[in-house]
Amino acid sequence: MNNHISSLETFHLPVMLNEVIKLSSPSSKKKFIDCTFGGGGYSKEILKFPNTFVQAIDRDDKVLIIAKKLEKKFQERFKFTQIKFSQLATIAKDCVDTVIFDLGLSSIQLDDLDRGFSFKSRKKLNMTMGLNDLTALEVINNLSEKDLKSVIKILGDEKEANKIAKNIIKHRNIKKITNTVDLVRIIEKSKKKNYSSKINPSTKTFQALRIFVNKEITELIYGIINATKILKPGGKILVVSFHSLEDRIVKYFFTNFSKNKSRPSRYFPEKEIKDSSLFDEYKNNVIRPSKKEIEQNNRSRSAKLRFAVRSKNKFSFPEGLIEKFKKYLVLESIND
Ligand SMILES: C[S@@+](CC[C@H](N)C(=O)[O-])C[C@H]1O[C@@H](n2cnc3c(N)ncnc32)[C@H](O)[C@@H]1O
């Protein structure tokens, strides 16, 4: 069992660990929430600082074995709860110093071919991270052609979504599509002449399905809103994202709900402006992994780290964020 734990723990290399820790500046009595525990890379590093408190969460029960070990070692300082981060507010109320998100999949999940996240997998279609309502198998075999096309086009940015969706329907009308190999073949056939050799033809469709199955956009939007709600004034929210849609959402939230945007017009007299911004001035700093890190961990290559500092203002729900990304929220809920 111990061998099993350590192989899981060393499986995932934490991305931009030094940068995340430096920004979090762990010190005595500070309270942290690690919203994406995974292999526990960030949590373990924070716990090295005396008297820090970490509440970790993850939707995947496969990480329980690692979390239990930490709970035993740091009985008073570490707690793990298996929930989705959109439900963050159910376990933490307020007065948190730092909330950290490291989005997407861990290597523990991606490299477990039984879970069907990778197009290298030859297993049953699944792609669930944990606490899901549906699997990729259900999506591929039950969604209408129109909805499949929207999912692949909007969440995968796949230009040939139309043809792929058509061919999925054609195949499943003859025989249920049950494994990743069948799906890969359908995608390759649909894209036959047009795919570039640089990126695998299945990459975008697999990304779209994974995002849809796990409602990743809905999770991110409600996750960062709830995190903001429980941060104390001066507290930090940190997000490591891996694709452009995630980064666009984080950037929009931090920019448009910070002090930068709270003044509607420079001609407006300052004392008449009611500042209800959620964050202090946002500097639009994007932190990227070093060349050395990318060489050592190829998966870090697309990572972007952004952070914002909570203002003193009372929390007010950022309706504008929901409005801006409504298209994605509606799409992810078509099966509800
Ligand atoms: C990239 S890994 C995090 C790795 C971690 N920072 C480390 O150093 O080991 C992302 C983790 O977040 C979890 N996750 C993704 N979306 C989630 C959500 N909506 N709620 C809770 N956990 C989520 C995944 O299950 C996965 O374990």
- Query: For segment 19-58 and segment 219-242, what is the separation of their C-alpha centers, rounded to whole Å?
  - Reply: 15
- Note on the structure: Summing -39500 (n - 2.57) over every DSSP H run of at least 4 residues in the chain and dividing by its residue count gives a helix-only mean residue ellipticity at 222 nm, to the nearest 500 deg cm²/dmol, of -11500 deg cm²/dmol
- Over segment 133-213, what number does the Rg to Rh ratio reach, with both radii from the alpha-carbon atoms and Rh per Kirkwood? 0.92
- Message: Need the full-extension length gain, V330 to K189, defined as separation in residues times 0.36 nm minus the C-alpha distance. One decimal, nm.
- Response: 47.8 nm
- Message: From the Cα trace of the chain, what convex hull volume per residue do you get, rounded to a whole Å³?
- Response: 151
- Task: Starting from the Cα of K120, draw a straight line to each of the aspartates and glutamates and keep only those under 17 Å, dropping any in the same chain fewer than 8 residues away.
- Result: D111, D112, D182, E188
- Under a point spin-label approximation (7 Å from Cα along Cα-to-Cβ), what is the F49-K283 distance to one decimal in nm? 1.8
- Restricting the count to DSSP beta bridges whose residues both fall in the chain, what percent are antiparallel, rounded to a multiple of 5? 35
- Kirkwood Rh over alpha-carbon pairs of segment 198-336 plugged into Stokes-Einstein at 25 °C, 0.890 mPa s gives a D in µm²/s of 145
- Could you calculate the contour length gain from Y252 to K73, that is, 0.36 nm times the residue separation minus the distance between their Cα atoms, to one decimal place in nm? 60.5 nm
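Each reported figure results from applying straightforward, stated rules to the coordinates on display, with no laboratory input. Not measured: the values here are computed from a predicted model. Neighbour counts run over all protein chains shown; Cβ positions are idealised from the backbone, glycine included.
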